[in-house]
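The values are calculated or read from the model by the stated rules, or taken from the named source; none is laboratory data. All of these numbers come straight from a predicted model, not from anything done at the bench. Using ideal geometry, Cβ is built from the backbone for each residue, glycine included, and neighbour counts are taken over all protein chains shown.
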Amino acid sequence: MQSPAAAPASPVATSSSIPRLTLVLGGARSGKSRYAEALIAAAGAPSALYVATAEALDAEMAERIRRHRARRAAAHGVAWETVEAPLDLVGRLADLACDCARGRPILVDCLTLWLSNLMLAGSDVAAETGALVGALPALGGPVVLVANEVGLGIVPENALARAFRDHAGQLNQAVAAIAERVVLLAAGLPLVLKDMSPTHGARSSA
């Protein structure tokens, strides 16, 4: 008997229904990155841009990055080009706007690591969040952004962790507000929270 975990990442939309801007949320090991990659593959473009915000600061993170790259390399149908953007995500997206306007999809993975990098660098998180929200509508799409849902657990015991949780929630809300589709992944299964794409009409689980 085949285990559910062995199945493809979960049902994805057809290329004609991929909206301009999609936010994919989920907890650790929820399947959000795999699902987001499948959405990009379903767009039908021969190549796509993978905007990576992670930095290999230790061996464990380096191994995670290696596994993600190996999975993308093994996928058929899409040639991925990786662009590093640990801090200047808005600037990188601006640089890629012409590619996106020509129909080349962009996957940003992930917003939460970008937020962590901003906080460690002492950046103005609110200003960076506002700049990102202002820049995303200028991209032609499709653009898929991945983020962690970190606010479902216990209240963190220290101020830095609480600030990170609060910033993450605010960032997710700001991006979700302008996204045409928002999907929450749990145990590899997608739950559509919002779908304003033309093929589905206005729909929200709220």
Open item on the list: For region 101-114, check the following and say yes or no: at least one residue is crowded, with 18+ Cβ neighbours inside 10 Å, modelled with pLDDT of 85 or more and in contact with a Pro (Cβ under 6 Å, 6 or more places away or on another chain).
Closed with: yes
- [ ] Only residues that are without any contact (Cβ under 8 Å) to a residue 40 or more places away in the chain, within 19 Å of Ala174 (Cα to Cα) and either part of a helix (DSSP H, G or I) or among the aliphatic types (A, V, I, L, M) (or both): list them for region 85-104, please.
- [x] Leu87, Gly91
Task: Matching residues in region 146-159 - criterion: being in contact with a helix residue (DSSP H, G or I) (Cβ under 8 Å, 6 or more places away or on another chain) and hydrophobic (A, V, I, L, M, F, W, C) - done: Val146, Ala147, Val150, Val155
Open item on the list: I need the full set of residues from region 104-145 which are of a type in the set (Asp, Glu) and closer than 23 Å to Met61 by Cβ, in order please.
Closed with: Asp109, Glu128
Task: Members of region 146-178 that are surrounded by fewer than 19 Cβ atoms within 10 Å (Cβ to Cβ), at pLDDT below 95 and in contact with a Lys or Arg (Cβ under 8 Å, 6 or more places away or on another chain) - done: Gly151, Val155, Pro156
- [ ] Scan region 115-163 for residues that are in contact (Cβ under 8 Å) with a residue 40 or more places away in the chain and touching a Pro at 6+ places or on another chain (Cβ under 8 Å) and jot them down.
- [x] Asn117, Gly141, Pro142, Val143, Val144
TODO: With the checklist (1) basic (Lys, Arg); (2) exposed (fewer than 13 other Cβ atoms within 10 Å of the Cβ); (3) farther than 21 Å from Val125 by Cα in hand, flag the one item Arg181 doesn't pass.
DONE: (2)
TODO: Would you check if there is a residue in region 52-67 being touching a Lys or Arg at 6+ places or on another chain (Cβ under 8 Å), in contact (Cβ under 8 Å) with a residue 40 or more places away in the chain and more than 25 Å from Val150 (Cα to Cα)?
DONE: no
